[in-house]
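Presented below is the structure to which this report refers.
The values are calculated or read from the model by the stated rules, or taken from the named source; none is laboratory data. Keep in mind it's a predicted model, so treat the numbers as computed, not measured. Here the Cβ positions follow ideal geometry from the backbone for every residue, glycine too, while neighbour counts run over all protein chains shown. Calculation scope for accessible area: heavy atoms of the full protein, side chains included, ligands and nucleic acids excluded. Shrake-Rupley method; radii C 1.70, N 1.55, O 1.52, S 1.80 Å.
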Amino acid sequence: MPKEMVAQKTINGTYGEIWINGQKFGNCKSFQAKVTGEYQEMDVAGKSGKSQKWLGFSIAGTITLAKLDSSITSMLLPFWKLHQNPTFTIVGKLADPSAYGAERISLTGVTIDEATLLDFEQKTVKDEEVPFKAEDYDLLDLIV
């Protein structure tokens, strides 16, 4: 059953946090992970509309970090030079103390799609975008 709409109970993203392999990334500005169902369209005799056969799911997302250090570069690029692709675990949490509760997820088998070698612009504070994919998820805490 949906909660009563109370403005002060809406979730403020300021209270979001992430951990990659147990290490907290306090410079996380935003985090989004989405799971997408994968289907095959099928024609069924006697039906005009397309039917959908569920085949599985895929997970993808993006982390935006305030550029503080070379943590993503150092976690990934030395392995790529050795023709290896490390996987990670990401835990994300959103826990606004004025909300109805907290959400927390765990993503496993995470692969990072790209890492920025160097990016700068005069008189500009830089962010670092980290796109990723994941193999699986666990819903650790939900707001019910």
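Here PRO78 clears all of (1) within 17 Å of GLN23 (Cβ to Cβ); (2) within 22 Å of the chain's Cα centre (by Cα); (3) part of a helix (DSSP H, G or I) except the condition numbered (2).
Among residues that are modelled with pLDDT of 95 or more and touching an Asp or Glu at 6+ places or on another chain (Cβ under 6 Å), THR89 is not included. Give the residues of the stretch 30-57 that are closer than 30 Å to THR14 by Cα and either without any contact (Cβ under 8 Å) to a residue 24 or more places away in the chain or touching an Asp or Glu at 6+ places or on another chain (Cβ under 7 Å) (or both), sorted by residue number. GLY37, PHE57, listed by residue number. When the stretch 125-144 is examined, which residues are found to be open to solvent by less than 60 Å² (accessible area, probe 1.4 Å), more than 23 Å from GLY37 (Cβ to Cβ) and of a type in the set (Val, Ile, Thr)? Selection gives VAL130 alone.
Restricting attention to the stretch 81-97, the residues that are outside any loop (DSSP other than H, G, I, E, B) and either closer than 18 Å to ASN21 by Cα or open to solvent by less than 80 Å² (accessible area, probe 1.4 Å) (or both) add up to 7.
Just to be sure I understand, how many residues within the stretch 52-72 are open to solvent by less than 30 Å² (accessible area, probe 1.4 Å) and of a type outside the set (A, V, I, L, M)? The number of residues fulfilling the criteria is 4. Please go through (1) open to solvent by 30 Å² or more (accessible area, probe 1.4 Å); (2) modelled with pLDDT of 95 or more for TYR100 and return the number of the only condition it doesn't satisfy. Looking at each condition in turn, TYR100 falls short on (2).
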